[in-house]
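Undergrad: Sending over a structure as C-alpha cells; questions will come in a sec.
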Amino acid sequence: MTRLRLGVNIDHVATVRNARGEGYPDPVRAAEMALAAGADGITAHLREDRRHISDADIDALAVICRRRGRPLNFECAVTPEMEAIALAHRPHAACLVPERREEVTTEGGLDVVRGQNSIAPAVRRLVEAGIRVSCFIDPDLAQVAAARAVGAQVIELHTGAYCQAVRERKPQAEALLGQLKEAAAEAHRMGLEVHAGHGIDYETVKPVAAIGELMELNIGHFLIGEAIFIGLGPAIQRMRALMDEARSTRAA
Ligand code: PXP
C-alpha cells in the first residue's frame, strides 16, 4: 500500500503566541522542527480574523517550505482576499474550507453542493496558477461529486465527527468511520486524490490511516497539545509510527 503522507498543521502554535501578543512560540520554528521530525509538509490556515496564523507567518512559511522543497498546504476560505493571497504565494496546495467567525474551529465541511457557482471559478483560477486544489468536505457522496464537478483535484475528508464520537465513546463511531470509508472509495473511483483530517489523535489515527485510498492526513491540534508534554518532534514521530503501523497491519 502507498505510504501515507503526514501534513502537520502548526496553527495552534500561533494560538499560544497570540494569547499573549508576544513573538513566541514561533510557528515558523515549529514548522522547521516538524519537517526535521518527519512531517511531509506543513499546513496552515489563514483565517479571515487572523486569530492564529498571520499574513507574515504565511510569508515566512512559504519561504521555508520552498527552501526545503516541502509542500505548503494553504488552508483558506473561498473569498477574494484569500484567493489573492494564494495567487501571490502560489503554494503547492490550497485547501478550501468553510469559515464562520463565531466558530471555534472548522466545524463542518465546505458545502460544495450549494456553493458550486462561486467555488468553481475560484478553483479554476487557482488550478490555472499551478496550485493543487483540495475541498475540505464532510464524508458525503453528493459533496464528493460536487468537489469533482468544480474541478478540485483533491478532497480532504472531515474526520471531526468520527474522532469526537470515538473520544466520547458514542456508538455511532463505527457508522461514521463507515461513511469516511465509503466517501474515500467513491472519490478514488472518480479519480480524486483523497486526504483526511481534523480532530485526529493517537487513538483515531489508526482506523483512519487504515483507509487504503487515503494519501495524506493533516493533523494539528492534538500534536501541538502533545508537544507540551513530550516535545513536538517525538509527538510527530509517534503519530508517524502509528500511521505506518496501521498501513502495515492492513497490508498483512
Ligand atoms: N484539515 C483541515 C482542512 C483543517 O481545517 C484542520 C484544522 O485547522 C485540520 C486538518 C487539522 O485539524 P486538527 O487541528 O484538529 O488536527
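Undergrad: Using the crude model of +1 on Lys and Arg Cβ and -1 on Asp and Glu Cβ, and no other charge, please compute the dipole size for segment 199-252 relative to its Cα centre, in debye to 20. Provide the component values of the computation, followed by the final result.
TA: On the way: 5 positive and 7 negative charges, 24 e Å.
For this selection, approximately 120 debye.
Undergrad: If we count other beta carbons within 10 Å of each Cβ, what is the order of Phe229, Phe136, fewest first?
TA: Values: Phe229 8, Phe136 28.
Ordered by Cβ neighbours within 10 Å, fewest first: Phe229, Phe136.
Undergrad: Once label points are set 7 Å from the Cα along Cα→Cβ at both Arg189 and Thr79, what is their separation, rounded to one decimal in nm?
TA: Modelled inter-label distance: 3.8 nm.
Undergrad: Nearest 20 debye, what's the magnitude of the dipole of segment 1-153 about its Cα centre given +1 on Lys and Arg Cβ and -1 on Asp and Glu Cβ?
TA: On the way: 20 positive and 21 negative charges, 125 e Å.
The dipole of segment 1-153 has a size of about 600 debye.
Undergrad: Sticking with this one: Provide the per-residue ³J(HN,Hα) series for segment 222-234, in order, calculated from phi with Karplus coefficients 6.51, -1.76, 1.60 and θ = phi - 60°, each as a whole number of Hz, with x at glycine and proline positions.
TA: Rounded to whole hertz, the list is 5, 5, 5, x, 5, 4, 4, 8, 10, x, 5, x, x.
Undergrad: Moving to a separate point now. Only Cα pairs within less than 10 Å get springs; with that Gaussian network setup on the chain, which residue of Asn73, Asn117, Asn18 has the largest fluctuation?
TA: The residue that fluctuates most here is Asn117.
Undergrad: In segment 141-252, with Lys and Arg counted as +1 and Asp and Glu as -1 at Cβ, which of these residues, Ala165, Ala152, Ile219, has the Cα nearest the positive end of the dipole, that is, farthest along it?
TA: Among Ala165, Ala152, Ile219, the one farthest towards the positive end of the dipole of segment 141-252 is Ala165.
Undergrad: Calculate the FRET efficiency for Glu182 and Ala19 from the Cβ-Cβ distance with a Förster distance of 41 Å, rounded to the nearest 0.05. Walk me through the numbers on the way to the answer.
TA: On the way: r = 40 Å, r/R0 = 0.97.
After rounding to 0.05, the efficiency reads 0.55.
Undergrad: Also, quick follow-up: For Asn218, enumerate residues with amide H under 5 Å from its amide H, sequence gap 5+ or separate chain, H modeled in the peptide plane.
TA: Gly7, Ala196, Gly197, His198
Undergrad: Hey, fewest Cβ within 10 Å first, where do Met243, Met1, Met215 land in order? Don't skip to the end; give the middle numbers.
TA: Details: Met243 23, Met1 12, Met215 15.
Ranked by crowding around the Cβ, least crowded first: Met1, Met215, Met243.
Undergrad: On to the next question. For the chain, just say rounded, prolate or oblate: build the C-alpha gyration tensor, square-root its eigenvalues into a ≥ b ≥ c, call rounded for a/c under 1.5, and beyond that prolate if a/b exceeds b/c, oblate if not. If you can, show how the numbers build up before the last one.
TA: Details: a/c = 1.44, a/b = 1.04, b/c = 1.38.
Rounded, since a/c falls under 1.5.
Undergrad: Sticking with this structure for a sec: With just the Cα atoms of segment 74-148, tell me how far they stretch along each of the three principal axes, in Å, largest first.
TA: Largest first, segment 74-148 extends 30, 28, 20 Å along its Cα principal axes.
Undergrad: Counting other beta carbons within 10 Å of each residue's own, what order do His12, His221 fall into, fewest first? The partial results should precede the final answer.
TA: On the way: His12 21, His221 16.
Fewest to most other Cβ atoms nearby, the residues stand as His221, His12.
Undergrad: Hey, any idea what the orientation-averaged projected area of the convex hull of segment 111-223's Cα atoms comes to, in nm²?
TA: Values: hull surface 28.2 nm².
Orientation-averaged projected area of the Cα hull: 7.0 nm².
Undergrad: At 7 Å along the Cα-to-beta-carbon direction for both Glu174 and Thr249, put a label point, then send me their distance in nm to one decimal.
TA: 1.6 nm
Undergrad: Shape verdict for segment 1-134, please, from the Cα gyration tensor: rounded (a/c under 1.5), prolate (a/b greater than b/c) or oblate. Walk me through the numbers on the way to the answer.
TA: Working: a/c = 1.65, a/b = 1.23, b/c = 1.34.
Oblate, since a/c reaches 1.5 and b/c is not below a/b.
Each value in this text was obtained by applying a stated rule to the coordinates, not by laboratory testing. Everything quoted here is computed from the prediction, not taken from an experiment. Positions of Cβ are backbone-derived with ideal geometry, glycine not excepted, and every protein chain shown enters the neighbour counts.
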